[in-house]
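Data first, discussion second: the structure below is written as structure tokens.
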Amino acid sequence: MTIEPKKATGKLSSLWIDFAKFYETHEQDLTNCRLMFEKAVKSDYRTVDELASVWAEYAEMELRHQYYSIFILFYFILFYLFLFSLSLEIIKKPFN
């Protein structure tokens, strides 16, 4: 069974994030935690904001475990996602 993002009523990103956090906190298994985040960033979402929240949580997890270089890389990705979503908002606005 698969989840279709356009038909989902909740945030799909929350599902992925909570699943990854389960591995991080209860299992203390960073390998599977990273695997969940890797699958999450490749998933389809309704909005760019949902994808950005997954990247942000992924980066914060790396920061909590003191992987600073990965953290910095992810925040560059987040910055570009922010610029992309900002450009989408500008395109949507009608010209006067």
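The values are calculated or read from the model by the stated rules, or taken from the named source; none is laboratory data. As the structure is a prediction and not an experimental result, all values here were calculated from the model. Backbone-built Cβ (ideal geometry, glycine too); neighbour counts: all protein chains shown.
Details
- Selection count where residues are modelled with pLDDT under 85 and farther than 19 Å from Glu4 by Cα, scope segment 36-62: 1
- Flag for Ala40 being touching a helix residue (DSSP H, G or I) at 6+ places or on another chain (Cβ under 9 Å), of a type in the set (Gly, Ala, Ser), farther than 15 Å from Phe74 by Cα and surrounded by 14 or more Cβ atoms within 10 Å (Cβ to Cβ): no
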